[in-house]
Amino acid sequence: MAIRAIRKFRWVEGLFCVYKPPGVHWKLVRDRIETCILEGVDGTPSLAPRVGLLGPGGGRTDLTLTAGSLPPGVELLGPDRGPNDLTLSASSLAAHPLVRGPEFRRIKVGVGHRLDASSSGVLVIGVGRGNKPLNDLYQMCCTRDYTLEGEFGFATDNFSRTGRIVERSTYDHITRDKLEKVLAMLQQANQKALLIHSNVDMRSQEAYEMAVTGELGPQGKSPPILTGLRVTGFQPPFFTLELQCLNETQRYLRKVVHEIGLELRSTASCTAVRRTRDGPFTVDQALTRGQWTAAQVALTIQHYNNSKRQSRPLPAAAAL
């Protein structure tokens, strides 16, 4: 067994994030990452293979080369540069890579909150033993950040640019102030939904402390909730939004853009959905396509584990 390959595999077990490009299914991203990691782990140089020698009877034997048995012009020199004998011990080719094949043929690669084919952005990946904390992250009530790009003037059957256009309208009357007012109304409605599904008495001290620390969230299953929404770009007919949400799907986010257009007495379609944060993972930490290697994955996982240890609060005794 290649001990070096096993040790290297331990280094790539954990959590990290990649940047999923638009137009690519998340399953293809996962499969490609698995292939790249396997190539890196199985490509680890192993110890020199042992050579087997067979005697006249077909059994293993030792081969001894003496200085007198070599052809003219060939010499065996010892440490003192003098004539010397060489003995090759019998062994086996069972450990040769061409005989045993790759050390790892399959590894468990999990994906956290998924992105549909049209969306792009942060996609959290768990490898090996990293699938348990990945499942914990999936079950946690943590917000995710998105950047949405929209366009006024037309509506489609799937709320995106790729859909069939079902309606066209004017948008000259839309201003940034009007757009921000609609977003404020939408955010207020979602705040009420957040309080309803949090199952916490809003008049209690617990609710106040959870709201201050940002831990207030829905308990169990709930509909999608927007916890933050603002305009970052407005050049009609194009506009850009940044939002934070819980329990969302990318189709729901596109529908939000569609409903904003209706509230403004017009129509709108979502042209791009990009996730910039998923819990503790941000787009700055995401590995791009050219970085999906075993060495880069191991380095990223180590950096994430170190940052997580540093962020842990010290015990009371240690803090004193």
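The values are calculated or read from the model by the stated rules, or taken from the named source; none is laboratory data. Just so you know, these numbers come straight off a predicted model, no measurement behind them. Please note: Cβ atoms are built from the backbone with ideal geometry, for glycine as well, and neighbour counts cover all protein chains shown. For the accessible areas, the whole protein counts, side chains as well, though only heavy atoms, and no ligand, DNA or RNA atoms are used. Shrake-Rupley method; radii C 1.70, N 1.55, O 1.52, S 1.80 Å.
Residue by residue through segment 127-147, note down the ones that are assigned to a helix (DSSP H, G or I), open to solvent by less than 20 Å² (accessible area, probe 1.4 Å) and over 24 Å from G40 (Cβ atoms). Once the filter is applied, which keeps residues that are assigned to a helix (DSSP H, G or I), open to solvent by less than 20 Å² (accessible area, probe 1.4 Å) and over 24 Å from G40 (Cβ atoms), segment 127-147 yields only L137.
Looking across R309, R274, R251, one residue alone is open to solvent by 10 Å² or more (accessible area, probe 1.4 Å) and not in a helix (DSSP H, G or I). It is R274.
In summary, D177 fulfils each of the numbered conditions (1) at pLDDT 95 or above; (2) outside any helix (DSSP H, G or I); (3) of a type outside the set (V, I, T) with the single exception of condition (2). All conditions but one from (1) in a strand (DSSP E or B); (2) modelled with pLDDT under 95; (3) exposed (fewer than 15 other Cβ atoms within 10 Å of the Cβ) apply to T232; the one that does not is (2). Filtered by the rule that a residue be out of contact with any Gly (no Cβ under 7 Å at 6 or more places or on another chain) and either free of Cβ contacts under 8 Å to residues at least 24 places away in the same chain or assigned to a loop (DSSP other than H, G, I, E, B) (or both), segment 150-169 gives G153, N158, F159, R161, T162, G163, R164, I165, V166.
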